[in-house]
Amino acid sequence: MILRNNRKIAIIIPTYQAQHWLERCLTEVRQLILPIQYQLVTVVVDNASTDGTVEYLEKCSDIKFLPQTKNKGFAGANNIGLAWADHWGADYVFLLNQDVYCAPEVLTQLVDFLEIRPAAVAVQPQILGYPETYSGRLSSLPWTWL
């Protein structure tokens, strides 16, 4: 397998009224272990939140923040982020909900899985729930659709 240099991963996080989840979510995203030769951008698409989310995200200099003036919905926000990632030239896109937290190795293991299985078009990590908060944590065990 031949890997080219400067490959790109975009994490897309659609948000709405999410300030109480975002600090932890973004903290864990910042601690992700990247595959060798990859650069990462975190794209947060906010659906016109009014709970302080926009103000919080405007202070995050390490993300690409795409605020919307009206709520485009979950799918619409993901599509906006996907269009940005495509324009940026992302090799892989990781769709992440605002209330989900990640194991540090999740990206590395998912990318490794895809790299050795060229027929795979999508993978998903195992989702483990936190019943007390109704949020999840993504483990590094990939699932795939062929």
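The values are calculated or read from the model by the stated rules, or taken from the named source; none is laboratory data. Every value quoted in this text rests on a predicted model; they were computed, and no experiment measured them. Here Cβ is always computed from backbone atoms with ideal geometry, including for glycine, and neighbour counts include all displayed protein chains.
For this structure, a couple of remarks:
- Residues that are over 26 Å from ILE127 (Cα atoms) and out of contact with any Lys or Arg (no Cβ under 8 Å at 6 or more places or on another chain) number at least 2 in the following strands (runs of 3 or more DSSP E) confined to the stretch 1-110: 64-67.
- Checking each residue in the stretch 66-79 for being farther than 15 Å from SER49 by Cα and surrounded by 17 or more Cβ atoms within 10 Å (Cβ to Cβ) picks out only ASN78.
- Yes/no for ASP62 being under 16 Å from ARG24 (Cα atoms), modelled with pLDDT of 95 or more and surrounded by fewer than 17 Cβ atoms within 10 Å (Cβ to Cβ): yes
- Taking the stretch 29-50 as the range and being charged (D, E, K, R) and within 10 Å of THR15 (Cβ to Cβ) as the test, only ASP46 passes.
- Filtered residues of the stretch 34-59 (kept if out of contact with any strand residue (DSSP E or B) (no Cβ under 8 Å at 6 or more places or on another chain), surrounded by fewer than 17 Cβ atoms within 10 Å (Cβ to Cβ) and not basic (Lys, Arg)): ILE36, THR50, ASP51, GLY52, GLU55
- Residue under evaluation ALA120, criteria (1) over 17 Å from ILE13 (Cα atoms); (2) at pLDDT 90 or above, criterion not met: (2)
- Flag for VAL111 being modelled with pLDDT under 90 and of a type in the set (Val, Ile, Thr): no
- On inspection, GLY89 fails the criterion of being surrounded by 17 or more Cβ atoms within 10 Å (Cβ to Cβ), of a type outside the set (Ser, Thr, Tyr) and closer than 16 Å to LYS8 by Cα.
- Unmet requirement for GLN31, which otherwise passes all of (1) under 13 Å from the mean Cα position of the chain (by Cα); (2) buried (at least 18 other Cβ atoms within 10 Å of the Cβ): (2)
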